[in-house]
Structures are given as C-alpha cells and as structure tokens.
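The values are calculated or read from the model by the stated rules, or taken from the named source; none is laboratory data. Predicted model only: the values in this text are computed from it and were never measured. Here the Cβ positions follow ideal geometry from the backbone for every residue, glycine too, while neighbour counts run over all protein chains shown.
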Amino acid sequence: MDLHALEQFLVVARLEHLSRAAGELRVAQPSLSRTIARLESEVGAPLFDRAGRLRLNESGRLFRDHVERSLGELAAGRRAAVEAAREGVGGVRLASETFLTITGPLAAYKDAHADVDVELHQMPATDMHRA
C-alpha cells in the first residue's frame, strides 16, 4: 500500500466527499477516485457506501482507525530518528482533558529537563485515541 494513498484516504474518510477532498488535497477528483478504488481493491473490501452520498462504511471505519494508528507510528519513528541524530534531545507529547492536576509535576519535569520539548494537547478523551 502506498503511503500517499493512505493519507488521501484519511482526507476522503474525514470529509466523506470526493470533490471536497480533492480540493483540499489539490489533486484532480478523477485521480483521487482511482486512488480510492485501487486502495479498496488492495484492501479487498469496499470502504465507502456510495448510495446517494459517499459514506464511510463499517469496514472503512475499521480501516481508518488502523491507518491513523499506523501513520502515527510512522511519524513517531521519524521523530525518534531525528531525536537520535540530535544525540538524544527529544520531546514529550501529552494529551489530557485538563492539565490542572499535573501542573506541578510538569513544571518540575521541565526544570529538570530544560532541553526536552513538551507538547501539550487538551482534548476530550474520545479524541485522544486518534491523536
């Protein structure tokens, strides 16, 4: 499977509209349609229902969740390689619904590890698994 096709699939899955997705991706809609059809062929199952409006079906939702996790792991691997090349200076990403309970420990960590980038993301728990 082509990484670019997987990234395009996620946009189509999010928008559930080929023309809008093509516009956001800045690709021709027929090309995007062929990419999605090729991906469905590789997966071996339709990922969208096409009755009337394009809708992500159950197979598509399951596949989307795996693609999001896979692309997240690839991005983490890329970051790890860059961090290793920079001799271990790294970063920490933290997601929480609220940071009120950890402000003290977080400040202590930053004091002890000033060279580490800390990235905070506040979001509902339902969104954390995708992030």
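Residue-wise test of (1) at pLDDT below 80; (2) over 18 Å from MET128 (Cα atoms).
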residue: ARG53; (1), (2): no, yes
residue: SER59; (1), (2): no, yes
residue: HIS66; (1), (2): no, no
residue: GLY77; (1), (2): no, yes
residue: ALA84; (1), (2): yes, yes
residue: GLY90; (1), (2): yes, yes
residue: LEU94; (1), (2): yes, no
residue: LEU100; (1), (2): yes, no
residue: THR103; (1), (2): no, yes
Checklist entry - Mind checking which residues of segment 17-66 are surrounded by 12 or more Cβ atoms within 10 Å (Cβ to Cβ), part of a helix (DSSP H, G or I) and acidic (Asp, Glu)? => result GLU24, GLU40, ASP65
Checklist entry - Is there any pair with a first residue in segment 60-78 that is under 11 Å from ALA13 (Cα atoms) and a second that is surrounded by 14 or more Cβ atoms within 10 Å (Cβ to Cβ) and of a type in the set (Val, Ile, Thr) whose Cβ atoms are under 7 Å apart and which are 6 or more apart or on different chains, and what are they? => result PHE63/VAL43
Checklist entry - Any residue in segment 84-93 that is in the same structural domain as PHE9 (by TED's automatic domain parsing), within 20 Å of LEU10 (Cα to Cα) and not β-branched (Val, Ile, Thr)? => result no
Checklist outcome for this item: Residues of segment 79-131 being of a type in the set (Val, Ile, Thr), over 30 Å from ASP2 (Cα atoms) and either assigned to a helix (DSSP H, G or I) or in contact (Cβ under 8 Å) with a residue 60 or more places away in the chain (or both), in sequence order, are THR101, ILE102, THR103
